[in-house]
Each structure stands twice: as structure tokens, then as C-alpha cells.
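Inspection log for the structure reproduced underneath, given as C-alpha cells.
The values are calculated or read from the model by the stated rules, or taken from the named source; none is laboratory data. Just so it is clear, the structure is predicted and the values come from calculations on it, not from any experiment. FYI the Cβ positions are ideal-geometry reconstructions off the backbone, even for glycines, and counts take in every protein chain you see. Note: accessible area is taken over every heavy atom of the protein model, side chains too, but ligands, DNA and RNA are not part of it. Shrake-Rupley method; radii C 1.70, N 1.55, O 1.52, S 1.80 Å.
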Amino acid sequence: MTEPNPYAADGEPEYKWGPTQPPGTPAYGYPNAAPGYGYPGPNDTPAYSQTQPAGVPVPVNPVPMGGTPLVSIGDITVMGDSIVTPAGTLPLRGAVWNATDMSRTEEKMPTHAIVLAVVFFIFCLLGLLFLLMKEKTTTGFIQVTVTSAGKHHSTMIPAQHPGTFQQVMGQINYARSLSSM
């Protein structure tokens, strides 16, 4: 970098890259980090802790570890500190949850409504009311994926009615809240 800039305009001072401090002085925080910045070291203790009015430390109610499942989404089971899947156990803290609704709800006129409308049309015009009958059917799946510690697992949950996706999202939001603790 000792060559002059070939694109510099004549008569203008050359732009110098880098900080404006004199050479030889260490950069900010180097070689010693500035106090109060960065990750805490092994000997650092917190400056304060939560206490009750009498100075008694506040007990932290931890999530129960192992044992009882907290929520089960398809073949994914969330325990107190881990996520159990057929592919292995993942750590719960920092897990990323996603859901994709791949279901559809169709509304159609059933065959018996058409037969009744034709039969009763002959006797009276009220038979046309049978054409107002509708039947809803939901088909498809909800895909749930979880990613934690570089591992990924996906499961498919069958959609049995239009509210299945909302139910699964409720379970996922609970699992997300456990993952953020």
C-alpha cells in the first residue's frame, strides 16, 4: 500500500485509511478490555441480586427438569430442560419453533341433498331448500419443525377440523415460551 492512489484528483490531499490516533497506541480496549463491556469472566460476580425486603434472596422457580412431559406436539415431546424427538434429544433453551399450515377446508353439497331436492321438487317447491345444505371437510397436515443446537426435526400432524392449526399454534407458543427461559 505504498503506491499512490491513481484515481486521486490533482491538488486534493490524499485520504488516509484507518483511525486518526498516532501509531503505536493500542486500540480502544486492547490489550485490556474496557470495564463493563463484553462477556463476564470466570471471576466476575454480578453487582447485585434480587432480594426480598428482609434481604433474603428471591427463590427462582425453575422449570421441572426431566420427568413429566410439559407438552407433546406430534412425536415431539417437551420436557423441563430438553426436547425429545425420534431423532434424539435436543436442548430446550434457544430452540426455534415453526409451523406451516398445509391443510385445506372444502365446502360441498352432499349427494343426499341433491336427491332430496329433486324428489321434493316434484311435490312442492320447498324441495329447493335442500340445495342449501353444505358439508365441510378438512384434509391435509400441519408441519411442525424444531431446530436446536444444530439439529432439526420435523413432524406432520393431521388436520381433522378447521381449528386444528390454532390448537397446534397454542402448543407451539407454549413451547416457545419455555424455550426462551
Discussion item. Which pairs turn up if I take residues in the stretch 71-90 that are on the phi < 0 side of the Ramachandran plot and assigned to a loop (DSSP other than H, G, I, E, B) and look for partners that are charged (D, E, K, R) and open to solvent by 20 Å² or more (accessible area, probe 1.4 Å) with beta carbon separation below 8 Å, at least 6 apart in sequence or on another chain?
Written reply: Asp81/Arg93; Pro86/Asp75; Ala87/Lys151
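Return a yes/no flag: does the stretch 108-130 have any residue that is within 28 Å of Gly170 (Cβ to Cβ) and open to solvent by 100 Å² or more (accessible area, probe 1.4 Å).
No, because not a single residue in the stretch 108-130 is within 28 Å of Gly170 (Cβ to Cβ) and open to solvent by 100 Å² or more (accessible area, probe 1.4 Å).
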Discussion item. Taking the criterion of being open to solvent by less than 80 Å² (accessible area, probe 1.4 Å), among the hydroxyl-bearing types (Ser, Thr, Tyr) and farther than 30 Å from Ala87 by Cα, would at least one residue in the stretch 134-144 satisfy it?
Written reply: yes
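Return the total of residues in the stretch 130-169 being over 30 Å from Ile114 (Cβ atoms) and part of a strand (DSSP E or B).
15
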Worksheet entry | Residue check for Gly94: assigned to a loop (DSSP other than H, G, I, E, B) and in contact with a helix residue (DSSP H, G or I) (Cβ under 9 Å, 6 or more places away or on another chain) | yes
Worksheet item: Where residues in the stretch 78-96 are surrounded by fewer than 16 Cβ atoms within 10 Å (Cβ to Cβ) and of a type in the set (Val, Ile, Thr), which of them is farthest from Val168 (Cα to Cα)?
Response: Thr89
